[in-house]
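Written out below as structure tokens is the structure these notes cover.
Bear in mind that the values in this text are calculations on the coordinates, not laboratory data. Predicted model, so just to flag it, every value in this text is computed and none were measured. As a convention, Cβ positions derive from the backbone with ideal geometry for all residues, glycine included, and neighbour counts pool all protein chains shown.
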Amino acid sequence: MNIEKNLDRILKEIPQNVTLVAVTKHRSIEEIQRVVDYGIKDLGENRVQELLDKYDKIKGDIRWHLIGHLQTNKVKYIIDKVDLIHSVDSVKLAKEINTQAKKHELIMRILIQVNVSMEDSKFGIAVEEVESFLQKISHESNISVAGFMTMAPFTENIEETRHIFRKMREIYDKIKDNQDAFKNVNIETLSMGMTNDCPVAIEEGSNLVRIGRGIFV
Ligand SMILES: *Cc1c(COP(=O)(O)O)cnc(C)c1O
């Protein structure tokens, strides 16, 4: 595995304003440590248990991202360990994050996961729900809505993902321009793009990509 070479290439390909989150699911401690030692600070896990298993074993200055579906009853395990939760898709979950954040006297940054493509297998709220969702959660003062996350369905022809990322960007811009209308909303992060579709996501305005397979090959 050419982890360092892959990171060289990926970092050359993404613009400087785009944050690389290295997705470390299913990877060994040794492999992940190489990524951190290379200088990558942002690591993403999609399962709570895996994140907890790795949390104390990886050494360095790390910002953990919870990128996968999060069950309400597991928020308490990660609330003081993660920097950003990408996958908030229910009011109940947002409220639980707020409750746990308050207990720990911290403000948790969250992204709203939007299901732009409306593939029924994917998590996320519908495009039409975004504003009412923000209204419902924005009085929760121990969370800060930092932006949005979306996933495009896997496809061989990545051009097919463009309209999804474009739509997400339009929503991002619209809410950002109007964010004073909501409390506790400070839009700055647009999390979209994975190994196969990140070039298109970046062209459409992503400023955070979540890359797994491209690093560990
Ligand atoms: C696994 C995963 C990724 C990374 O996917 P790759 O195809 O390995 O780059 C990104 N986002 C989420 C939510 C994931 O679960």
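At a glance:
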read-out	value
Cα centroid separation - the range 161-205 against the range 1-16, whole Å	23 Å
Estimated D of the chain in µm² per second, where Rh is the Kirkwood radius over Cα pairs and Stokes-Einstein applies at 25 °C, 0.890 mPa s	140 µm²/s
For the range 120-214, the Rg and Dmax computed from alpha carbons only, in angstrom	13.9, 42
Antiparallel DSSP beta bridges within the chain, percent to nearest 5	0 percent
For the range 67-194, convex hull of alpha carbons as volume per residue, Å³	100 Å³
FRET efficiency for residue 157 and residue 107, using Cβ-Cβ distance with R0 set to 45 Å, rounded to 0.05	0.65
Subset of 25/95; 5/176; 57/183; 92/174; 25/136 violating a 30 Å alpha-carbon distance limit	5/176; 57/183; 25/136
For the range 41-91, convex hull volume per residue from C-alpha positions, Å³	70 Å³
At 1.306 mPa s and 10 °C, Stokes D of the range 1-108 from Kirkwood alpha-carbon radius, µm² per second	107 µm²/s
Table column - 3J(HN,Hα) (Hz), the range 57-65, Karplus curve with 6.51, -1.76, 1.60, x for Gly and Pro	8, 8, 9, x, 8, 10, 10, 8, 10
